[in-house]
Amino acid sequence: MLYDIVNTYKPSIIWSDGDWEMSDDYWKSKEFLAWLFNDSPVKDTVVVNDRWGSGINCHHGSYYTCTDRYNPGVLNPHKWENCFTIDSSSWGYNKLSHIEDYLTIEQLISELVSTVACNGNFLLNVGPTADGLILPVFEERLLQIGEWMKVNSEAIYGTRPWKYQNETASNVWYTSKQNVVYAIVLGWPKGNVLKLSLPIATSSTTAELLGYGKVDILPKSSGLGIIFPALTPDLLPCKWAWTVKFTQLAQ
């Protein structure tokens, strides 16, 4: 069947699952993957995950999924994926779920940002009902992520991990793109001053709060400070996490 799917639809990604009870020999995974990457019509473009038999996950694949809800919290040089659910107790629709089982938007953004900062992909699952209905709580979370991404997407899409991944004391995760570094802070800084110990400013460094504009830099003997604008809630560029865009930092 997989051969037919590849030949007919020419997928860019094959996400295998349900493999854990049998070995890769039973599934004939090696034979399929050898054909896929050497002779198939998508051999030069396709990528696959790592679920191809018992004991294979987190060892072989274009990207690793390892276990469900996998997030190491540190840089993994091999591309990986954090696949998890809005309902923390179920992958499908569960009529017995309670409100506390659903991740908050703050938790979801934290997962998204920490995943991308550590070289991961973000795969978010919702469980529809038997007749295809997406529950309002799922719809709300998806719309909230979309709202956040409208302001902060450049700190996510097309980025790579920076030389440092995070600063725990400041609740900040870093991503980068060419000569730009993004500091994504998960909580508005106390006193409107964000203190960072890892970025080093030069005379040419600029800082911009995405969705707002230029912000001032306070040089320090180690690291720097960013003066956040004093804004009322209705004027915030977004509601949950905020991104400072740096250019021309010291290498």
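The values are calculated or read from the model by the stated rules, or taken from the named source; none is laboratory data. Note that the coordinates shown come from a computational prediction; the quantities given were computed from them, not determined experimentally. No Cβ is skipped: glycine too gets one built from the backbone with ideal geometry, and neighbour counts run over all protein chains shown. SASA here: full protein model, heavy atoms, side chains in, ligands and nucleic acids out. Shrake-Rupley method; radii C 1.70, N 1.55, O 1.52, S 1.80 Å.
Past 26 Å, Cα to Cα: identify those pairs from K79/K214; K195/K245; K177/K239, in the order given.
K79/K214
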Legend entry - Label-point separation, S204 to T67 (7 Å along Cα→Cβ), nm: 4.7
Legend entry - Reachable aspartates and glutamates, given that their alpha-carbon falls under 17 Å from the alpha-carbon of K28 and they are not under 8 places away in the same chain: D4, D17, D19, D39, D50
Inset, instruction - List the cysteines in the chain whose Cβ has no other cysteine Cβ under 4.7 Å from it. - result: C83, C118, C238
Inset, instruction - Can you tell me the 0 to 90 degree angle between the C-alpha axis of helix 29-38 and the longest principal axis of the chain, rounded to 10? - result: 70
Inset, instruction - Rank these by accessible area, largest first, 1.4 Å probe: E154, E21, E140. - result: E21, E140, E154
Legend entry - 0 to 90° range, to nearest 10: angle between helix 105-117 axis and the chain longest Cα axis: 80
Legend entry - Options L33, T175, L124, ranked by Cα towards positive dipole end of the chain, top entry (Cβ charges): T175
Inset, instruction - Run the 1.4 Å probe and let me know the accessible area of M149, rounded to the nearest 10 Å². - result: 30
Legend entry - Efficiency of FRET from Cβ geometry, L235 and K190, R₀ 22 Å, rounded to 0.05: 0.70
Legend entry - Separation of alpha-carbon centers, the range 213-251 and the range 139-168, rounded to whole Å: 16
Inset, instruction - Grab the Cα-Cα distance for T129 and Y3, subtract it from 0.36 nm times how many residues apart they are, and report the gain in nm with one decimal. - result: 42.3 nm
Legend entry - With DNA, RNA and ligands ignored, accessible area of I13 (1.4 Å probe; Å², nearest 10): 100
Inset, instruction - Go through A201, M149, S222 and say which Cα lies farthest out towards the positive end of the charge dipole of the range 144-223; charges sit on Cβ, +1 for Lys and Arg, -1 for Asp and Glu. - result: S222
Inset, instruction - Under 16 Å from a label point 7 Å along Cα→Cβ of K79: give me every residue in the range 31-48 with its amide N that close. - result: 37, 42-48
Inset, instruction - Please find, in a Gaussian network model of the chain (springs between Cα atoms separated by less than 10 Å), the residue of V113, V215, V181 whose mean-square fluctuation is greatest. - result: V215
Legend entry - Degrees, to the nearest 10: 136-152 long Cα axis against longest axis of the chain: 50
Legend entry - Which label in (1) 63; (2) 38; (3) 54 gives the computed percent of Cα pairs over 25 Å apart: (3)
Legend entry - lysines whose Cα lies under 17 Å from that of K43, excluding same-chain neighbours fewer than 8 positions away: K10, K30
Inset, instruction - With label points built 7 Å along Cα→Cβ from the Cα atoms of K28 and A169, find their separation and express it in nm. - result: 5.9
